[in-house]
Amino acid sequence: DAGITQSPRHKVTETGTPVTLRCHQTENHRYMYWYRQDPGHGLRLIHYSYGVKDTDKGEVSDGYSVSRSKTEDFLLTLESATSSQTSVYFCAISEFVGRTDTQYFGPGTRLTVL
Amino acid sequence: TQLLEQSPQFLSIQEGENLTVYCNSSSVFSSLQWYRQEPGEGPVLLVTVVTGGEVKKLKRLTFQFGDARKDSSLHITAAQPGDTGLYLCAGESNFGNEKLTFGTGTRLTIIP
């Protein structure tokens with residue numbers, strides 16, 4: 001258990017409204033990630049962070065922003081939600097084991113945009 | 001953009017049968033990981049393979065990394081209902097890159 005929690009676990013919202021998802025970790029990991037999971041696409045990286053206030057874009061970052069003001073919290077914001085952002089969102093942390101990067105995932109947030 | 005294609009996308013077999021899931025790419029990876037995900041939960045790491053040609057066994061699961069480090073396979077012997085889940089492969093392009101490329105996933109159902 002990597003001590004990762006996500007909130008909320010489920011959310012239904014309307015098109016055009018802002019939405020913020022929270023990821024919280026308890027073990028002081030430097031790297032944190034936000035992914036979205038859609039059928040047939042596996043997991044796709046939205047944004048990631050390599051330290052407080054240090055973030056970078058992933059492959060599907062359009063329409064999303066992130067913030068990390070504390071080591072333990074990584075926030076994902078949809079400024080104006082669209083139906084195409086209906087998905088399951090996973091947060092992850094990264095831990096090095098030997099030479100390789102292992103990621104541990106939170107339980108996910110199911111977001112529905114009507 | 002690196003892509004990892006998994007096949008089959010869906011697989012439904014009887015308990016006791018054997019199966020193989022494939023993960024293929026045109027790109028070379030420094031390591032390849034396999035995760036299993038159950039409904040309502042995040043993926044959980046099963047194994048990491050690092051060396052071309054490497055074979056790792058985890059009870060009834062056998063993982064192989066291709067010689068050219070572009071592909072991998074997962075073989076399950078005598079499948080059990082507890083093996084049901086979504087299997088994801090993930091590649092690390094360079095050691096220490098801190099980013100993984102995930103495959104498209106194989107949803108496996110074992111019928112009792």
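The values are calculated or read from the model by the stated rules, or taken from the named source; none is laboratory data. Everything quoted here is computed from the prediction, not taken from an experiment. All Cβ positions, even for glycine, are placed from backbone atoms using ideal geometry, and neighbour counts span all protein chains on display. The protein model used for the area step is the full one, side chains on, heavy atoms only, and it has no ligands, DNA or RNA in it. Shrake-Rupley method; radii C 1.70, N 1.55, O 1.52, S 1.80 Å.
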Somewhere in region B:40-48, is a residue over 30 Å from A:Val60 (Cβ atoms) and open to solvent by 10 Å² or more (accessible area, probe 1.4 Å)? no
Notebook entry, point to check: Before we move on, is A:Thr86 open to solvent by 40 Å² or more (accessible area, probe 1.4 Å), hydroxyl-bearing (Ser, Thr, Tyr) and more than 28 Å from B:Glu5 (Cβ to Cβ)?
Noted result: no
Please tell me if B:Gln6 is open to solvent by 10 Å² or more (accessible area, probe 1.4 Å) and either of a type outside the set (Lys, Arg) or within 11 Å of chain A (Cβ to nearest Cβ) (or both).
yes
Residue pairs within 7 Å by beta carbon, gap of at least six or interchain, first lying in region A:90-107 and more than 7 Å from chain B (Cβ to nearest Cβ) and touching a residue at least 60 places away in the same chain (Cβ under 8 Å), second assigned to a strand (DSSP E or B) and among the acidic types (Asp, Glu), listed first then second, are A:Tyr104/A:Glu95
### Query
Got at least one residue in region A:2-20 being open to solvent by 30 Å² or more (accessible area, probe 1.4 Å) and under 17 Å from B:Glu98 (Cα atoms)?
no
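Residue check: is B:Glu54 within 14 Å of chain A (Cβ to nearest Cβ), more than 20 Å from B:Phe10 (Cβ to Cβ) and either open to solvent by less than 10 Å² (accessible area, probe 1.4 Å) or over 11 Å from the mean Cα position of the chain (by Cα) (or both)?
yes
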So, B:Lys70, is that one at pLDDT below 95 and more than 14 Å from every other protein chain (Cβ to nearest Cβ) or not? yes
Quick check: anything in region B:33-41 in contact (Cβ under 8 Å) with a residue 40 or more places away in the chain, among the hydroxyl-bearing types (Ser, Thr, Tyr) and not in a helix (DSSP H, G or I)? yes
Selection from region A:56-73 of residues within 14 Å of chain B (Cβ to nearest Cβ) and either open to solvent by less than 10 Å² (accessible area, probe 1.4 Å) or assigned to a loop (DSSP other than H, G, I, E, B) (or both) yields A:Gly58, A:Glu59, A:Val60, A:Ser61
Pairs returned, first residue in region A:32-45 that is closer than 13 Å to A:Phe105 by Cα, second residue that is surrounded by fewer than 21 Cβ atoms within 10 Å (Cβ to Cβ) and aromatic (Phe, Trp, Tyr), beta-carbon separation under 9 angstrom, 6 or more apart or interchain, are A:Met32/A:Tyr50; A:Trp34/A:Tyr64; A:Arg36/A:Tyr64
Considering residues that are in a strand (DSSP E or B), touching a residue at least 60 places away in the same chain (Cβ under 8 Å) and under 27 Å from A:Tyr48 (Cα atoms), the number found within region B:60-112 is 11
